[in-house]
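Trainee: Just passing along the structure, written as structure tokens.
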Amino acid sequence: MTSTNHDARTAHAGSRSAAADGAGSSVQAKIVIPANHPMVTVLGTGDSLLKVIEKAFPRLDIHARGNEVTATGDRAGIALVQRLFDEMMLVLRTGQPLTEDSVERSIAMLRKAEEDPNSPEGSKSPSSVFTANILSNRGRSIRPKTLNQQNYVDAIDRHTIVFGIGPAGTGKTYLAMAKAVQALQAKQVTRIILTRPAVEAGERLGFLPGTLYEKIDPYLRPLYDALHDMIDPDSIPRLMAAGTIEVAPLAYMRGRTLNDAFIILDEAQNTSAEQMKMFLTRLGFNSKIVVTGDVTQIDLPGGTTSGLKVVQEILDNVDDIHFSHLTSQDVVRHKLVGKIVDAYGQYDARVQQPRDNQTPGAREHGARAPRQPRHTES
């Protein structure tokens, strides 16, 4: 039973809002919050969540008093706010807290679903996304935070090979690792294999001090860090010693057949086309592969084509292989990260356009600046 009072004690309140919105006469709705949900969990500390809602609906007059929230304004806006509070109540009923980010994303999903009922947002509710736990460890739950992330996680469940392609901070590797740990705990696989290409950004491994493992370790460190979030840190050395969890550079995959394993290739934009083929053909029986990468952050030497940029053209129509694309809207780090990703994308588009307009001869014989990785989306 939802907690929003949809029998909406509505009352017509003049025509100002109707004139401003064009959606009909102004109405008022009272949304009653059940007593088992303290208002601070609904409105946020210092009314932080209420302020998010007010900012998103500037044409509505929203007030809270006691356990009631009163909204006055156009019918369409009121209906959306009522749906929003329904979704918020469903999240709270599962014991999950509400955050400013989850409320903002819920509003965006509901608006998209209203604009286009046939969109992905039209088929899933915000509460179903924000309550879909993958893994819990030491009181911390790992779950999707956006609809694209939820679709990515669902694709991992449904397909043998999944590519997660998107900018930094979209959770593509973290969520894949959570699914791997979940599969191991459920005994769906007997081991987890995490790998990355050891492509150095500006330095050669041979010139770095230390043994081969000491040289490679910094490139694999982000995978170890994620593991510590998901598994008891004290058990990680034991699992690695037993071969249950393996973290290794991509070159170590050559010549192997990987059965009963959940295999993750991270930073796949730094594989060559040949390396990508080599890796994908390691797939054995009862195994699953997730490949993650960001085609705007390629560190390969000049003239080398990224395997991640060409693989979709090659495998797009192959059954049981899925490509999930995440965007700046799925960034779950600081809000500035999404804005930075967008700004770089716009800059790269401006820089690339003059190049595309050059004739082949001009591109071939004209003066060239020192080569830098191209930051264009595939």
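Trainee: Collect residues whose amide H, placed 1.01 Å from N in the peptide plane, falls under 5 Å from the amide H of T271; neighbours closer than 5 in sequence don't count.
Mentor: Long-range HN contacts for T271: G307, L308.
Trainee: Which ³J(HN,Hα) values, rounded to whole Hz and listed in residue order, are derived for region 57-69 from phi using the Karplus coefficients 6.51, -1.76 and 1.60 in 6.51 cos²θ - 1.76 cosθ + 1.60 with θ = phi - 60°, glycine and proline given as x?
Mentor: 10, x, 8, 9, 9, 10, 9, 10, 8, x, 9, 10, 10
Trainee: Along region 147-159, what does the Karplus equation 6.51 cos²θ - 1.76 cosθ + 1.60 (θ = phi - 60°) give for ³J(HN,Hα), rounded to whole Hz, x for Gly and Pro?
Mentor: The phi angles translate into 5, 4, 5, 5, 5, 5, 5, 4, 5, 4, 5, 8, 10 Hz.
Trainee: Hey, another quick one. Do any chymotrypsin sites (Phe, Trp or Tyr not before Pro) in region 261-350 lie in a loop, going by DSSP, with at most 12 other beta-carbon atoms within 10 Å of their beta carbon, and if so which?
Mentor: Details: sites: F262, F279, F285, F323, Y344, Y347; in loops: F285.
Passing sites in region 261-350 are F285.
Trainee: Now for a separate question. In region 100-207, which trypsin sites (Lys or Arg not before Pro) fall in coil by DSSP and have 13 or fewer other Cβ atoms within 10 Å?
Mentor: Here the trypsin sites (Lys or Arg not before Pro) that fit, given the DSSP loop and packing criteria, are R138, K187, R204.
Trainee: Under 28 Å between alpha carbons, and skipping anything fewer than 8 positions from K288 in its own chain: which lysines qualify?
Mentor: Filter leaves K124, K145, K172, K179, K187, K277, K309.
Trainee: From the phi angles alone, apply the Karplus equation (6.51, -1.76, 1.60; θ = phi - 60°) to region 46-52 and give each ³J(HN,Hα) in whole Hz, x where the residue is Gly or Pro.
Mentor: After applying 6.51 cos²θ - 1.76 cosθ + 1.60, I find x, 6, 4, 6, 4, 5, 4 Hz.
Taken together, the values in this text are just the output of simple stated rules run on the coordinates, not laboratory data. Quick caveat: nothing in here was measured; it's all calculated off a predicted structure. For neighbour counting, all protein chains shown are included, and Cβ atoms are generated from backbone atoms with ideal geometry for every residue, glycine included.
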